[in-house]
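Undergrad: Take a look at this one; I'll ask things after.
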Amino acid sequence: MWVDFFKKIGKLAAFFMIILIASYFFIPSFSGKKPLVKIPRGVNSKRISFILWENKIITNPYFFSLLAKVLNYDSRLKAGVYEFDSPTLLSVLSKLKKGEVKLYKITIPEGLPKWEIAEVLAEKGIVNSEKFLEMVDNPSLFYKEFPWLVGEKSLEGYLFPDTYYFTLEEDSLRVVRKFLTKFERVVLPLYQRRDKTGRLSLHEIITLASIVEKEARVDFEKPIIAGVFYNRLKRGMKLRADPTVKYALGSFSKRLNKKMLNYPSVYNTYLYSGLPPGPICSPGVNSIKAAIYPAQIDYLYFVARGDGTHEFSSSYRDHLKAIKRYQKG
């Protein structure tokens with residue numbers, strides 16, 4: 001009788017022990033919102049276990065450390081910011097071993113200058129804006145990996161606008177490299193397939209495309225605006241593009257007045273003929289295509305209609321009439 005009783009007690013004890021072990025290894029330790037936890041570089045598995053325990057990701061740091069050693073994971077857990085969704089002990093270890101850090105989806109719109117791209121990334125906690133801009137203004141760091149950049153004094157215009165996935169506090173060098181890799185993949189084939197006769201260099205094309213990006217509001221006008229600027233360049237006329245002045249002033253939100261049009265900067269195309277020294281923003285692919293394949297037109301002027309489109313003119317007399325019509329009502 002007593003033997004049977006103790007057998008039953010032993011079976012119950014074994015059953016509850018299995019449940020207890022399972023709770024540590026296989027049953028999620030929490031539910032609800034997904035907490036973010038930062039694992040610093042250079043810490044060992046013991047310190048990681050207590051970081052996870054303090055953040056209520058795991059219920060027992062000692063079991064975590066023990067399991068990490070048993071599975072030979074203790075020296076293979078990676079640093080980074082992680083998001084946990086009702087994890088089990090095994091899933092936490094697996095995530096840390098694989099380095100499955102939290103990724104942030106960030107879209108860089110077309111037409112942003114370098115300082116606004118830095119702001120977007122910094123606001124999301126991806127980079128330090130000052131360090132990022134230091135990288136952008138030191139393109140020689142990337143000459144070896146991207147030889148088509150040789151000679152560039154800034155990466156303005158080459159931070160290709162697109163949707164990217166970044167980790168928190170990502171190294172600025174890697175972030176810039178992602179932009180350049182995308183540019184190389186998308187833009188270089190377009191440039192290499194162009195008709196090389198009488199056309200511009202890559203630097204000049206991106207510079208022109210950046211002005212087109214800021215002038216155009218609708219895609220179908222981009223080749224026409226590019227054609228206008230080509231025509232003005234061929235005749236030695238000043239481009240007189242407002243966005244170049246705004247870039248020189250450091251803000252595209254400024255409303256220009258006559259005094260600002262005399263702002264002393266080599267980027268001011270009201271004062272200097274030809275293209276500015278470099279791009280004024282990161283142009284999108286349609287603006288780049290427009291700069292490579294401008295419309296074959298005889299227009300030399302354009303003025304905004306106020307609805308996002310422009311009135312184009314071949315003569316200065318017609319241009320003045322258009323200005324009177326659209327800017328003075």
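The values are calculated or read from the model by the stated rules, or taken from the named source; none is laboratory data. Nothing here was measured: the structure is a model prediction, and the numbers come from that model. Cβ atoms come from the backbone with ideal geometry, glycine included; neighbour counts cover every protein chain shown.
Undergrad: Would you confirm whether or not region 310-320 contains a residue that is assigned to a loop (DSSP other than H, G, I, E, B) and not assigned by TED's automatic domain parsing to the domain that holds residue 221? Steps first, answer last, please.
TA: First pass over region 310-320, keeping only residues assigned to a loop (DSSP other than H, G, I, E, B): 314-315.
Still in the list and also not assigned by TED's automatic domain parsing to the domain that holds residue 221: 314-315.
Yes; the residues of region 310-320 include at least one that is assigned to a loop (DSSP other than H, G, I, E, B) and not assigned by TED's automatic domain parsing to the domain that holds residue 221.
Undergrad: Evaluate the following for residue 158: is it surrounded by 17 or more Cβ atoms within 10 Å (Cβ to Cβ), modelled with pLDDT of 95 or more, in contact with a strand residue (DSSP E or B) (Cβ under 7 Å, 6 or more places away or on another chain) and not assigned by TED's automatic domain parsing to the domain that holds residue 280? So that I can check it myself, show each step before the final result.
TA: On the way: surrounded by 17 or more Cβ atoms within 10 Å (Cβ to Cβ): yes; modelled with pLDDT of 95 or more: yes; in contact with a strand residue (DSSP E or B) (Cβ under 7 Å, 6 or more places away or on another chain): no; not assigned by TED's automatic domain parsing to the domain that holds residue 280: yes.
Answer is no for this residue.
Undergrad: If residue 130 meets every condition in (1) under 14 Å from residue 175 (Cα atoms); (2) buried (at least 16 other Cβ atoms within 10 Å of the Cβ); (3) not aliphatic (A, V, I, L, M) apart from one, which number is that one?
TA: Residue 130 satisfies every listed condition except (2).
Undergrad: Quick one: which residue in 93, 121, 180, 173 is of a type in the set (A, V, I, L, M, F, W, C) and either touching a strand residue (DSSP E or B) at 6+ places or on another chain (Cβ under 6 Å) or in contact (Cβ under 8 Å) with a residue 40 or more places away in the chain (or both)? Can you show your working first?
TA: On the way: 93 fails: either touching a strand residue (DSSP E or B) at 6+ places or on another chain (Cβ under 6 Å) or in contact (Cβ under 8 Å) with a residue 40 or more places away in the chain (or both); 180 fails: either touching a strand residue (DSSP E or B) at 6+ places or on another chain (Cβ under 6 Å) or in contact (Cβ under 8 Å) with a residue 40 or more places away in the chain (or both); 173 fails: either touching a strand residue (DSSP E or B) at 6+ places or on another chain (Cβ under 6 Å) or in contact (Cβ under 8 Å) with a residue 40 or more places away in the chain (or both).
The match here is 121.
Undergrad: Follow-up question, since we're still on this one. Look at region 161-199 and say how many of its residues are farther than 30 Å from residue 37 by Cβ and either among the β-branched types (Val, Ile, Thr) or buried (at least 19 other Cβ atoms within 10 Å of the Cβ) (or both).
TA: 6
Undergrad: Is it the case, given these coordinates, that residue 112 is part of a loop (DSSP other than H, G, I, E, B) and at pLDDT 95 or above?
TA: On the way: part of a loop (DSSP other than H, G, I, E, B): yes; at pLDDT 95 or above: yes.
In short, yes.
Undergrad: Here's a follow-up. List pairs: first in region 229-245 and surrounded by fewer than 19 Cβ atoms within 10 Å (Cβ to Cβ), second in a loop (DSSP other than H, G, I, E, B) and of a type in the set (Asp, Glu), Cβ under 6 Å, 6+ apart or cross-chain?
TA: Sorted first by the residue in region 229-245, then by its partner, the list stays empty.
Conditions (1) among the aromatic types (Phe, Trp, Tyr); (2) closer than 16 Å to residue 281 by Cβ; (3) assigned by TED's automatic domain parsing to the domain that holds residue 115; (4) not in a loop (DSSP other than H, G, I, E, B), marked per residue:
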site: 181; (1), (2), (3), (4): no, no, yes, yes
site: 213; (1), (2), (3), (4): no, yes, no, yes
site: 217; (1), (2), (3), (4): no, yes, no, no
site: 230; (1), (2), (3), (4): yes, no, no, yes
site: 237; (1), (2), (3), (4): no, no, no, no
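Undergrad: Let me ask you something else. Would it be correct to say that residue 113 is free of Cβ contacts under 8 Å to residues at least 12 places away in the same chain and over 30 Å from residue 61 (Cα atoms)?
TA: It is false that residue 113 is free of Cβ contacts under 8 Å to residues at least 12 places away in the same chain and over 30 Å from residue 61 (Cα atoms).
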